[in-house]
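What follows is a set of notes on a single structure, which appears directly below.
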Amino acid sequence: MMKNSHLKYLFITCALVASGGCGKDFADINVDPNNPSEVPAELLLTGAEKLLAEHVHCGLGDQIRGLAFAELLSQAWAQNNYTEITRYLIRGEETNGLFKHLYAGVLMDLADIDRILLETPGLDPVENANKLAVVGVLRVYTLQLLSDMFGPIPYGEALRGASDRSPAYVSQREVYFSLIGELESAIQKMDVGHSGFGPADIIYQGDMQAWSRFAHALMIRIALRMADVEPDSSRVLFEKYAAGAFSSVEHNGCFRFLANAPNNSPLHQQYIERGSTDQGLSNILIERTLKPLNDPRLAVWAEPAANTGAFAGRPYGQTTDDAASDEVGNYSLPSGADALFSGSSLFNQYDLMRPDFSACLLSYSEQCFSFAEAAERGWSAGASAASWYTLGIEAALAEWGIIDPVTVAAYLAQDAVRYESAPGTWQQKIGVQKWLALFMQGFQAWSEWRRLDFDKLEAPVGGMLIDLGSAVAPLRLVFPGNEQSLNASNYQQALQLLGGPDALNTRVWWDVK
């Protein structure tokens, strides 16, 4: 499914940093070798990629019940216990961790890498430009992720540390067009004939041709995300960058965790090491989607329910009391979770709970569905919507190891799957299959539902704890509580830029329907 990478570089660099020898200068006595004031750019890059992958994979926050937050938002997962999130009790305290880890973690590390690369003399200029380009691409990826969650975000004044603890917010439209400029600049910096970060780059091991394709694919995501509000700009961007994007699943941008703690998958840590079964797969995924479509991914993603031996999805958004009285064993847990009960350390290649799971940031299957949409919009996509849709399904299956031609053909031949006969508008056809292709990229699946308005997400069965009006699911996240209290004046500015209350049912800029 995804390229194998090695975090061993992380440990080697840590050892080198921690064991730096003492010189004869008196000042060396005052240097703590275990807490260096300057961390190598390579180590910072590895750490930034890992933290970003954890959030794409899990939506990891500070609170344990938000571990699978991204998949809960997309409704592919449900809560077996403590069900408040699936009933939309999502407050500022819940979102503090997203700002903290993405701004003070990922983006601050990337800013430090920029500074180190620009201030260190004697570096190879071509390799340095490539490294700066990789940092730029990851920065754009992270900021788009944040903006799609909240709408307006701190941008130009962000990441100044102690010199500016109250950064101003920027409208989502301005953020988007600024990110387009940043991404174009990163692409122009790249020299694909030379390396970048090398083995410290867990996603592509310093392969700049791969990073160029990733950057083009990211531009495709940005272009389609704003297609309903900036159709002309979106079309120009798409048609300019489409040819340089992914052309197979081998090009996917993924981060592989290690088999051992502390660099194993957060889901493995939570389920297998700690024995938690607070989240499982939802009825929206299993009962409403995979079963009716006879989808072969069901057996890849889910374990049969322990009590029945059959696949079954937990009703999404039960009350806490109802969930507590409804045994976990009645429903399917994510694949690989059987190791919790069997004590086995053996995992199948694509088990969601395997310690060295690969978290995908961008995939060829997502891109294919974007191309299908572009064709429906009348843009130059190189093939018909039906052709791209079919390629998208084939890629999405292959990414989970389903490549048997008979199995793939049987799935595609169904009236409910085949493009010409699948129910609904093109938004519905493409949207459902794109939602499936974005499984384990929950924030992106949720964003595509908000943008394309296809029927899939549902109101929680136990009722909402927050009134969303006519919306059946959140349309954005509320700003972090720390921003509301510690950056109060700019928080008020953010509300003006948002154009509505700081509520889960206020639409972001590109969500016009």
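Values computed for the structure shown
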| read-out | value |
| --- | --- |
| Filter result for residue 219 (closer than 24 Å to residue 144 by Cβ, of a type in the set (A, V, I, L, M) and without any contact (Cβ under 8 Å) to a residue 40 or more places away in the chain) | yes |
| Within the stretch 111-162, considering residues that are without any contact (Cβ under 8 Å) to a residue 40 or more places away in the chain and of a type in the set (Lys, Arg), the one surrounded by the fewest Cβ atoms within 10 Å (Cβ to Cβ) | 115 |
| Residues (under 16 Å from residue 392 (Cα atoms) and of a type in the set (D, E, K, R)) located in the stretch 358-381 | 366, 373, 376 |
| Top-ranked residue of the stretch 346-368 - restricted to ones that are under 15 Å from residue 270 (Cα atoms) and not aliphatic (A, V, I, L, M), ranked as surrounded by the fewest Cβ atoms within 10 Å (Cβ to Cβ) | 356 |
| Output for the stretch 443-462, where each listed residue is touching a Lys or Arg at 6+ places or on another chain (Cβ under 7 Å) and either assigned to a loop (DSSP other than H, G, I, E, B) or more than 18 Å from residue 433 (Cβ to Cβ) (or both) | 453, 460, 462 |
| Members of the stretch 461-513 that are of a type in the set (Asp, Glu) and closer than 24 Å to residue 223 by Cα | 511 |
| Residue 375 being under 27 Å from residue 452 (Cα atoms) and part of a strand (DSSP E or B) | no |
| Residue 422, sole failed condition from (1) surrounded by fewer than 17 Cβ atoms within 10 Å (Cβ to Cβ); (2) over 30 Å from residue 52 (Cα atoms); (3) of a type outside the set (Phe, Trp, Tyr); (4) without any contact (Cβ under 8 Å) to a residue 24 or more places away in the chain | (1) |
| Residues satisfying the stated conditions in the stretch 335-350, i.e. touching a strand residue (DSSP E or B) at 6+ places or on another chain (Cβ under 9 Å) and either under 12 Å from residue 275 (Cα atoms) or modelled with pLDDT under 80 (or both) | 337 |
| Boolean, residue 435 is assigned to a helix (DSSP H, G or I) and either at pLDDT below 95 or within 20 Å of residue 317 (Cβ to Cβ) (or both) | yes |
| Every residue from the stretch 164-178 that is touching a strand residue (DSSP E or B) at 6+ places or on another chain (Cβ under 8 Å), over 17 Å from residue 512 (Cβ atoms) and among the polar types (S, T, N, Q) | 178 |
| Residue list for the stretch 481-513, restricted to those being in a loop (DSSP other than H, G, I, E, B), modelled with pLDDT of 95 or more and surrounded by 15 or more Cβ atoms within 10 Å (Cβ to Cβ) | 502, 503, 504, 505, 506, 507, 508, 509, 510, 511 |
| Answer from 252, 307, 260 - the residue that is polar (S, T, N, Q), modelled with pLDDT of 95 or more and surrounded by fewer than 20 Cβ atoms within 10 Å (Cβ to Cβ) | 307 |
| Yes/no for residue 72 being closer than 21 Å to residue 51 by Cα and crowded, with 24+ Cβ neighbours inside 10 Å | yes |
| Index of the failed condition, residue 104 passing every other in (1) touching a residue at least 24 places away in the same chain (Cβ under 8 Å); (2) assigned to a helix (DSSP H, G or I) | (1) |
| Any hit, the stretch 247-261, residues being out of contact with any strand residue (DSSP E or B) (no Cβ under 7 Å at 6 or more places or on another chain), free of Cβ contacts under 8 Å to residues at least 12 places away in the same chain and farther than 30 Å from residue 183 by Cα | no |
| Test: residue 129 is part of a helix (DSSP H, G or I), at pLDDT 95 or above and not hydroxyl-bearing (Ser, Thr, Tyr) | yes |
| Number of the exception - residue 158 against (1) touching a helix residue (DSSP H, G or I) at 6+ places or on another chain (Cβ under 6 Å); (2) at pLDDT below 95 | (1) |
| Candidates 439, 454, 479, filtered to the one that is in contact (Cβ under 8 Å) with a residue 60 or more places away in the chain and either out of contact with any helix residue (DSSP H, G or I) (no Cβ under 7 Å at 6 or more places or on another chain) or under 28 Å from residue 390 (Cα atoms) (or both) | 439 |
| Some residue of the stretch 317-334 being farther than 25 Å from residue 84 by Cβ and either without any contact (Cβ under 8 Å) to a residue 12 or more places away in the chain or part of a loop (DSSP other than H, G, I, E, B) (or both) | no |
| Residues within the stretch 388-445 that are among the basic types (Lys, Arg) and closer than 28 Å to residue 353 by Cβ, tallied | 1 |
| Which numbered condition residue 119 misses (of (1) modelled with pLDDT of 95 or more; (2) of a type in the set (Asp, Glu); (3) closer than 29 Å to residue 493 by Cβ) | (3) |
| Residue in the stretch 80-91 that is part of a helix (DSSP H, G or I), in contact with a Phe, Trp or Tyr (Cβ under 7 Å, 6 or more places away or on another chain), within 24 Å of residue 287 (Cα to Cα) and modelled with pLDDT of 95 or more present | yes |
| Residues located in the stretch 288-316, provided they are aliphatic (A, V, I, L, M), in contact with a Gly (Cβ under 9 Å, 6 or more places away or on another chain), outside any helix (DSSP H, G or I) and closer than 23 Å to residue 394 by Cβ | 302 |
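The values are calculated or read from the model by the stated rules, or taken from the named source; none is laboratory data. What you see is a predicted model, and the numbers here were worked out from it, not measured in a lab. All Cβ positions, even for glycine, are placed from backbone atoms using ideal geometry, and neighbour counts span all protein chains on display.
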